[in-house]
Structure formats: C-alpha cells, structure tokens
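I have placed the structure first, in the form of structure tokens, so that the comments after it can refer back to it.
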C-alpha cells in the first residue's frame, strides 16, 4: 500500500518593509494543506482542489504540479505523485498563498522520499511554483514557509537562506482586504532603478532590523520598519492602507506595512495584548472605509511546513 | 590653570563591502592624536599640526577646527578650544583619516565639557568634519571611531547608530598603497541610480553579514562580504587591487575589499594566525606589482576614541 501523508504549510508575510525580496516570516494561520502519495506513474496527478475554484488541476498550470514535476525531473526518480490540495489561503492575498502550496508540495515530497533534500533544496524546488504564480522565482515566502520563523534570503545565486532570531514576544496582526492584487502586476509597477541614496536608507534599515531581532530590541525593530522602495508605489493599490497603518502605529504597533505585494497589510507588535489592540483598531479603520476583509492574529511561527 | 587632555581616535574601515555608507569598524592602529584645552577666547586655535604638511591650520579649513566650531555654535558656550593635532593616519588613505581627527575633536571636547554629549551627538558633530573633508557628511567612519567595534548607521535623518556584535576572533589586515584617492572623487564616479536587483543583492548580503556577526558564524560572514555597488567602480583606481584580493581569499581571508573609498584594501580574517598569513600574501602581491605601501594588522578594536 502506498504511503499517503497530509502536510500543511503556513501563510507568510514577506518583505517586512525594509527587506524587499529577502525577508519573510511564518504565521501560525491560515495554512494550505495537501494530501500527497507516491505513485508509480512517473507523473503528477492533482485529484482535487478544495477551497478555491480558480486554480487549474493541470499540473503544468498549478503551483503544486510544477513543484512536484521539478522534483521528478531533477532527481530522475521513476515515481509520480498524486495530490489533493486544500487552499486555506486566498490566492492574490499577499500572504504567500502560492508560496504555501509550493512549500507544502516540496516538503511533502521530501517526507515521502525519506528526507533526501535539505531545507534550502526544498526552497529551491518551491521557487519553481512561485515562478509560475508570479513570473519571478522569489524565495521570500517559500523560505519562511519551509524553515519557519523569520528568514533572510542572503543570496539567490547560489540560494542561501539564513534563519534569523525571533524575539519571543513578536506578534503579527494581518488584515486581508477583499481585493486581489496580482504579484506580477505589483512587481511591474516598481522602478527597475532606484536612487543609491534610497538604497542606502533601505539597507541601513535592513541592518537595523536584523540587529534588532538578535538583540530582541523592540525599539530598534520599530525604528527599522520603514519601506522606501515598494510601499510608495504599492500603497495606492490597497483600499484603506494609509488609515490602517496610521491607527496601527497609534495603537503601539512596532511598525506596519504591505505584506508581500499586498493587498494584505501587516503590523508587527510586541506582545499579544498589543497585537490584539492593534488588530482591533485596524479592523475598525478598514470597516469604516467600507471594505470587506479577513483578519488574522498570530505569533511568528517557529515551524514552517509540517505533517499533520 | 586650564585642563589640557590628550585624546586618540583610531583608523576605521568603512563599507565592509556590502554596507556602503552604513557599516564601519575600528582598528587598534594607526590613530590620530590631539591635545586639546578649553580657552576663554570663544574661538578655535590650531597651534600645531604634526605628521602631515598638507593640512591647514585655519580652523575653517581643518576638520578639527570645523568640528570644534560646530560644537561652540550649537551649544552656545563662550569657551574656545586650543588644539595640537598629530596625524598618525595619512589623509586620503581610505581608513578614515579625516574621520579619526573629527572623532578625536568631538570626543576631546566632550571630555572637557564634562561628558555632556551622547556618543551619537559626538558622531553628529564629527560628521561636520567629514563634510569639509569629503563633501558629504557620512558617518560610517566617525561612528566606529567614536563607538569602537563595528557600527551600523541605521539612519542618517535622524542619526541612529547601532553597535553590532564583534566576534572575538575577527582580525583585519590592511594594505595602504602609496597613492591618494580623494573621497569626493571616489564618490563622484559611483552611479546615482542602481538596479533594484543589485540593491536586493547588496541588502541580502548586508542582512547576512549582520546576522553572521551576531551568530559569530564566520562562514556566513565570509559569504556575505560581497560588494556589487562600489567595488566594480572603484577597484580600477587602486594599483594591485585584484591581485591582493585574490591572494587574500586564497590564503583564507573571510573576504577582502576596498576600505572606504580606497586606496586602502582590507581583508577580514578569523583569527590572528590567519590574518598574519593573509597580510603576508597581500604584501607580497603588492610588492611584486612595484607599489610602495604601508600595512597594518589589528583585531577589531572594542574601543573608539579614548584619552591617552
């Protein structure tokens, strides 16, 4: 009898303001789930997709299919995979929906193949899914979805992922407005060139944020949560963004910004009580703007993809 | 009788490859020295400059004079300062010559004024000297010259300096070719705009370097010591650069690059034995290129400016 396992991978908040394309963190929820088994067909079959009507079951057009095909192709195994995908994370939400599916697929395959891949190799396979979903094979969602915690993509070529210390009281409030932004579009509106002066500000903050995370210095983390690159371009796409950011900071958030390419908006907070107040204020703000939304409150998850 | 004190401030290596304009570290030597006393004249007098013929004693045209005048102007004190400056660091060397003089002046004045300034305020005054010397008021030399250790300028406006952990075995080998590069010229040849992709590579490495310093992970430090911004432009200005960098890495340096705007070349090493081998190889390399030079080998200094 073939072994069939169930795997989940979490939503993730990437960029974290100053870390465009390199930083990301894992949430506890929501998650994508897959059931996956090895077959002897040599191909990938997607039996069923639950929780989302818009995704294709064609393995060439589905993130999970693309990741598993890349694994078959790269390892030369004669096996195939049969998969059921259950989407808990809405596509185009900015909290790593495609990244969670891709991470679950890479992690699940690794479990079935006796753990032959390193975590970085799993990220590398999962990036194939990101390429399909967004047109760019970025790793800032799939890295935390696999490693858990907060990750830094130090380098893409070669791929080099660093797990950064997570202060114990770091919580994340997330508002997900009911509007979709395609990552490919959100990338297309960014300037291809940025002023050196702007880049210096951004990497000064990135250094400050990484230092703050190791020092567990919440003030330094707070001061470092600035985005001079993506937010100025992308904020206008998100209904109610400015209002949510303002109230989040007023209520004591360490910082707030766009999660990935949006429309999700995140606020990092020191402690559960603070995060609860911040989330309430953000909910009130977006509700008063007349926008439907979902909301999540989560510590930074220490674990990424797991069997369940 | 007026109190007269003697102060020294160390040479510094700024940028550290991936941290253009934000990172710097303090060496043990060489140093600049000043003797400084409070007067009742309300003005700055530079009595004598030793160790360098090319610097002006006019306080408007001398780094030390400019820093001390800024302190008088900003604090509204009626006192003045009388100073002797002893240059141990050659101007235009790339190891923070003007920065050390500026730091010594700010630190010395603070000592005479009963420690009324924070370290960050001292950096802020010292930056006035950098503005005179190089046309830009950067802080990546004066910050480590005052704080000691490794510093990150998280932000320039407001000025926010973070002292980064220094691994115990971190040593620095420095070769100072006998050629001068004006910082203002070395800045003028940089592109004002950089590709977003290049910026992402640079801040990925900066995050990796900061993480590596906290983790005391010498491999990660080594992988992060890349410069995709300044080195490609400035390396051609430095005689024998490519050869020195190659042999430094071959001999086990964690990384090597241009110190500040050059012409000094530095190599970071794990341990004194490694640093000694690396320095010997770099000396041999530049000697075979027929270039005169000075060389220094130093642990990263825990202290910046001190009385002596």
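A few comments on the model shown:
- With Cα atoms as the point set, the radius of gyration and Dmax of chain A evaluate to 18.7, 61 Å.
- Dividing the Cα radius of gyration of the stretch A:253-303 by 2.2 N^0.38 Å, with N the residue count, gives 1.15.
- Listed residues B:36, B:77, B:181, most fluctuating in chain B (Gaussian network, C-alpha, under 10 Å): B:77
- Arranged from fewest to most other beta-carbon atoms within 10 Å of their beta carbon, A:160, A:219, B:21 become A:219, A:160, B:21.
- By the compact-protein rule of thumb, 2.2 N^0.38 Å, the alpha-carbon radius of gyration of the stretch A:170-299 corresponds to a ratio of 1.05.
- Taking every alpha-carbon pair in the stretch B:219-292 and binning the separations at 10 Å intervals from zero gives 21, 54, 24, 1 percent.
- Put in line by how crowded their Cβ is, counting other Cβ atoms within 10 Å and starting with the fewest, B:176, B:159 read B:159, B:176.
- Using alpha-carbon coordinates, inclination of helix B:97-112 to the longest axis of chain B, degrees: 40 degrees
- Estimated translational diffusion coefficient (Stokes-Einstein, Kirkwood radius over Cα pairs, 20 °C, 1.002 mPa s) of the stretch B:1-132: 147 µm² per second.
- For chain A, the longest principal axis of the C-alpha atoms and the axis of helix A:63-75 are separated by about 60°.
- Average projected area [Cα convex hull, the protein assembly as shown], square nanometres: 29.3 nm²
- Here the translational diffusion coefficient of the stretch B:154-195 follows from Stokes-Einstein with Rh set to the Kirkwood radius across Cα pairs; for 25 °C and 0.890 mPa s it amounts to 166 µm²/s.
- Here the contact order of the stretch A:180-296, divided by its residue count and restricted to Cα pairs under 8 Å and six or more residues apart, works out to 23 percent.
- Gaussian network model of chain B, springs between alpha carbon atoms under 10 Å - residue of B:226, B:86, B:48 with greatest fluctuation: B:48
- Mean separation of Cα contacts under 8 Å (6+ apart) over length of chain A, as relative contact order %: 24 percent
- Normalised contact order of the stretch B:1-100, rounded percent, pairs of Cα under 8 Å and 6 or more residues apart: 34 percent
- Between helix B:272-288 and chain B: long-axis angle, C-alpha atoms, 0 to 90°, nearest 10: 80 degrees
- For a paramagnetic label modelled on residue A:48 (point 7 Å from Cα along Cα→Cβ), amide N atoms under 16 Å away belong, within the stretch A:1-24, to A:4-7.
- Estimated [θ] at 222 nm from DSSP helical runs (n ≥ 4, -39500 (n - 2.57)) normalised by residues in chain B, nearest 500: -11500 deg cm²/dmol
- Build a GNM of chain B with springs between Cα atoms under 10 Å apart, and of B:12, B:183, B:151 the one that fluctuates most is B:183.
- Order of B:82, A:234 - criterion: other Cβ atoms within 10 Å of each residue's Cβ, fewest first: B:82, A:234
Coordinate-derived values only; no laboratory data. Note that the coordinates shown come from a computational prediction; the quantities given were computed from them, not determined experimentally. Note: ideal-geometry Cβ built from the backbone for every residue, glycine included; neighbour counts use all protein chains shown.
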